[in-house]
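A.B. asks: The structure that follows is given in the form of structure tokens.
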Amino acid sequence: MSADTEEAAALTGLDNLENGPVAPSGRSAGEIGGIVWGALWPKVLAVAIVLALWELVYLLNFKPHDILPGPAQVFPDLWSQLTHGQLWKAIGITLRRAVVGFALALVIGTLVGLVVARVPPVRVAIGSLITGLQTIPSVVWIPFAIILFGNNTTAILFMVIITAAPSIANGLIAGVDFTPPLLLRAGKTMGLRRFALYRDLIMPAALPPFVAGLKQGWAFAWHGLFAGELLVIVANSPSIGTLLSSDQDQSDMTGVISLMIVILVLGIAVDMMFNVLNESIRRRRGLAPAPSSARSFRFGTAVR
Amino acid sequence: MSTTDQDARDGQAPAPPGGPAGSAAVQITDVTKEFGRGKSVTVALDRVSLSVAPGEFVCLIGASGCGKSTLLSLVAGLDAPTSGTVATGGRRVALMFQEPALFPWFTAAQNVELPLRANGVARSERRQRVTDLLQSVHLGGFADKRPHELSGGMRQRVALARALAQDADVLLMDEPFGALDAMTRDLLHELLEGIWRRQGFSVLFVTHEVREAVRLGDRVVLLSSRPGRVLEDFSIDIERPRGIDSGETVERAMQIKEQLNEEVMRHVG
């Protein structure tokens, strides 16, 4: 027994050596400020440069001012729309469609992806078709959607699903293909079968490419959604697309640019959510360094 | 060289101490394994027969290309022999690889819990079993660490705990300590030997390190290369606990190594 405890003690000693000293996790307010500033200033600078160029074009009278307004006209207009107009309601309608459509695309894309990935004849049959679907420009689906469903929300949801689902399915297929064979062998000898094999091994292994597929699917969904909102006329539901259409009819460029800024900001915000998800997966699996110092943190955010 | 060693070496290829073949934990009979087809066929194993008695620790050694890992895959049921039979008599078989092959999305505890879940062990019982298993490999304090937070030796201990969680009667190990530094490896030899002696399962252990084989095995089976055949079956009767650097171990290893070298030299010309 003494040999056993000696061996245990030696192993513990080695373990402690291997793992090294634990870095203190607390940070001072100054350090946090430094980190935030380090992540922020390149973005602030980039926005400032864009605004300056825009203002410059405006001042050069390149186009009449009502056709190409400057930042000084657009931002007050955007502010008044946010505080007075229907914009929040429109954002709500548009985002609800995006979320519902994307959720349906998620379910459909995942199911189709799983079947294609794991059933060889199905893969041969429709594997390349899925990639083909991705290459169809989203507006091409509009006549199809309107004839099939009519001018209503269903047609718009269809646009979101048909544009997003192929990317989601493809992400999952890629993920399943990248399950390490060694882990599959290990899983099989451990007795993982059927449902447990998917739950504990194949799905977690597929998660990173799957999330990449979600991210791409979201970008496509955003395209499909606005193609739908601009071209499918749904009565009594003032979405962002509807506002955009009516601004176009009134040749209200200030309103158009305001809405485009809203669309850009919403798109970036959702994309950032996917990035946070991605980073947390990478960190949990040891694929990304934990933000242990200001420097690595800055590096990590600067890359994306 | 002591006379007893000489006797052991010159004696008959020892009959497995487990008794009649039917009671062997692993019975490999005339197994041939070929890969590929037609002209490009490779014979990995050629009429290999080998038996491992219950509770016996058998080490397989051989140069590269002797089909050691192929043989383990066959015993694990991951692959089927071209001809011949592999019988384990319905015993549970667990397999450990050179890489820990832990699931990176699970903590150490969840990795060890996995075979328990797959075998339908009740949740309430699982927690205690996982704690005990991690303690048996001296990793009680690392239950919530993920694989990437552990050193190579610690990961391999988690993998050992996970293999033990399968309640196997036969533990197959494919160069499990090959990637570790010498000091860690020596400690893991002690750890493995201790658990094996307490629990009494059979071990079929593949290695290319002759000394490691002599340090651990009741028997050391030497395989030839291309095709793999059983060349020699050495009985190691050095008293346990053994040291990997002890005179007896080193001496016995030298004898076996000579034969291994002869086998390698056969492939020079």
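The values are calculated or read from the model by the stated rules, or taken from the named source; none is laboratory data. Only a predicted model underlies this, so the values are computations on that prediction, with no experimental measurement involved. A quick note on method: Cβ atoms are made from the backbone with ideal geometry, for glycine too, and the neighbour counts reach across all protein chains shown.
A.B. asks: Would you mention how many residues in the range B:140-155 are facing another protein chain (nearest Cβ under 10 Å) and either outside any helix (DSSP H, G or I) or closer than 16 Å to residue B:105 by Cα (or both)?
C.D. replies: Summing the residues that are facing another protein chain (nearest Cβ under 10 Å) and either outside any helix (DSSP H, G or I) or closer than 16 Å to residue B:105 by Cα (or both) in the range B:140-155 gives 8.
A.B. asks: Being closer than 21 Å to residue A:180 by Cα and surrounded by 15 or more Cβ atoms within 10 Å (Cβ to Cβ), is that true of even one residue in the range B:115-123? Show your work before the answer.
C.D. replies: Filtering the range B:115-123 for residues closer than 21 Å to residue A:180 by Cα gives B:115, B:118.
Of the ones still in play, those that are also surrounded by 15 or more Cβ atoms within 10 Å (Cβ to Cβ) are B:115, B:118.
Among the residues of the range B:115-123, at least one is closer than 21 Å to residue A:180 by Cα and surrounded by 15 or more Cβ atoms within 10 Å (Cβ to Cβ), which makes the answer yes.
A.B. asks: Also, quick follow-up: Of the residues A:264, A:259, only one is at pLDDT 85 or above, loosely packed, with under 14 Cβ neighbours inside 10 Å and over 25 Å from residue A:206 (Cα atoms); which?
C.D. replies: A:264
Condition check ((1) away from chain A (no Cβ under 14 Å); (2) without any contact (Cβ under 8 Å) to a residue 12 or more places away in the chain; (3) farther than 20 Å from residue B:68 by Cα) across all residues:
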| position | (1), (2), (3) |
| --- | --- |
| B:123 | yes, yes, yes |
| B:157 | no, no, yes |
| B:178 | yes, no, no |
| B:225 | yes, no, no |
| B:232 | yes, no, no |
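A.B. asks: Just one of A:178, A:220 is within 20 Å of residue A:282 (Cα to Cα), touching a residue at least 12 places away in the same chain (Cβ under 8 Å) and under 23 Å from the mean Cα position of the chain (by Cα); which is it? Write out each step before concluding.
C.D. replies: Working: A:220 fails: within 20 Å of residue A:282 (Cα to Cα).
Exactly one of A:178, A:220 is within 20 Å of residue A:282 (Cα to Cα), touching a residue at least 12 places away in the same chain (Cβ under 8 Å) and under 23 Å from the mean Cα position of the chain (by Cα), namely A:178.
A.B. asks: Would you mind listing the helices (runs of 4 or more DSSP H) fully within the range B:156-269 where at least 2 residues are acidic (Asp, Glu)? Walk me through it before giving the result.
C.D. replies: Numbers: elements: B:182-199, B:210-216, B:247-265.
Passing ranges, in order: B:182-199, B:247-265.
A.B. asks: Would you check if there is a residue in the range A:145-152 being surrounded by 12 or more Cβ atoms within 10 Å (Cβ to Cβ), among the polar types (S, T, N, Q), modelled with pLDDT under 90 and over 23 Å from the mean Cα position of the chain (by Cα)?
C.D. replies: yes
A.B. asks: Among the candidates B:197, B:215, which residue alone is surrounded by fewer than 20 Cβ atoms within 10 Å (Cβ to Cβ) and either away from chain A (no Cβ under 14 Å) or without any contact (Cβ under 8 Å) to a residue 60 or more places away in the chain (or both)? Talk me through it step by step, then tell me what you get.
C.D. replies: Values: B:215 fails: surrounded by fewer than 20 Cβ atoms within 10 Å (Cβ to Cβ).
Sole residue among the options that is surrounded by fewer than 20 Cβ atoms within 10 Å (Cβ to Cβ) and either away from chain A (no Cβ under 14 Å) or without any contact (Cβ under 8 Å) to a residue 60 or more places away in the chain (or both): B:197.
A.B. asks: Surrounded by 12 or more Cβ atoms within 10 Å (Cβ to Cβ) and farther than 30 Å from residue A:239 by Cα, is that true of residue A:57?
C.D. replies: In short, yes.
A.B. asks: Just checking, which of B:86, B:130 is part of a helix (DSSP H, G or I) and more than 9 Å from chain A (Cβ to nearest Cβ)? Step through it out loud before you land on a result.
C.D. replies: Values: B:86 fails: part of a helix (DSSP H, G or I).
B:130 is the lone residue from the list that is part of a helix (DSSP H, G or I) and more than 9 Å from chain A (Cβ to nearest Cβ).
A.B. asks: So in the range A:164-199, with the set limited to residues that are among the small types (Gly, Ala, Ser) and at the interface with chain B (Cβ under 10 Å from one of its Cβ atoms), which one is surrounded by the most Cβ atoms within 10 Å (Cβ to Cβ)?
C.D. replies: A:186
A.B. asks: So, residue B:172, is that one within 9 Å of another protein chain (Cβ to nearest Cβ), in contact with a strand residue (DSSP E or B) (Cβ under 7 Å, 6 or more places away or on another chain), crowded, with 24+ Cβ neighbours inside 10 Å and in contact (Cβ under 8 Å) with a residue 40 or more places away in the chain or not?
C.D. replies: Answer is yes for this residue.
Each row is one residue, and each column tells you yes or no for (1) at pLDDT below 90; (2) farther than 22 Å from residue B:24 by Cα; (3) in contact with a Ser or Thr (Cβ under 8 Å, 6 or more places away or on another chain).
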site: B:183; (1), (2), (3): yes, yes, no
site: B:187; (1), (2), (3): yes, yes, no
site: B:191; (1), (2), (3): yes, yes, no
site: B:198; (1), (2), (3): yes, no, no
site: B:202; (1), (2), (3): no, no, no
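A.B. asks: Just to check your reading of the model, which residue among A:130, A:202 is farther than 22 Å from residue A:263 by Cβ, within 14 Å of chain B (Cβ to nearest Cβ) and in contact (Cβ under 8 Å) with a residue 24 or more places away in the chain?
C.D. replies: None of the others qualify; the one that does is A:202.
A.B. asks: From the list B:50, B:60, B:74, B:114, which residue is assigned to a helix (DSSP H, G or I), more than 10 Å from chain A (Cβ to nearest Cβ) and of a type in the set (A, V, I, L, M)?
C.D. replies: B:74
A.B. asks: Restricting to the range A:206-250, what's the tally of residues that are closer than 16 Å to residue A:85 by Cβ and crowded, with 24+ Cβ neighbours inside 10 Å?
C.D. replies: Within the range A:206-250, residues that are closer than 16 Å to residue A:85 by Cβ and crowded, with 24+ Cβ neighbours inside 10 Å number 4.
A.B. asks: Would you say residue B:43 is touching a residue at least 24 places away in the same chain (Cβ under 8 Å) and either in a helix (DSSP H, G or I) or crowded, with 19+ Cβ neighbours inside 10 Å (or both)?
C.D. replies: Judged against the criteria, residue B:43 is not a match.
A.B. asks: Residue by residue through the range B:69-85, note down the ones that are free of Cβ contacts under 8 Å to residues at least 24 places away in the same chain and polar (S, T, N, Q).
C.D. replies: Scanning the range B:69-85 gives a single hit, B:73.
A.B. asks: Still on this model: If you go through the range A:213-247, how many residues are over 21 Å from residue A:88 (Cβ atoms) and either among the acidic types (Asp, Glu) or at pLDDT 90 or above (or both)? I'd like the intermediate steps shown before the answer.
C.D. replies: Filtering the range A:213-247 for residues over 21 Å from residue A:88 (Cβ atoms) gives A:213-221, A:223-224, A:227, A:231-233.
With the extra rule that they be either among the acidic types (Asp, Glu) or at pLDDT 90 or above (or both), the set shrinks to A:213-221, A:223-224, A:227.
So the answer is 12.
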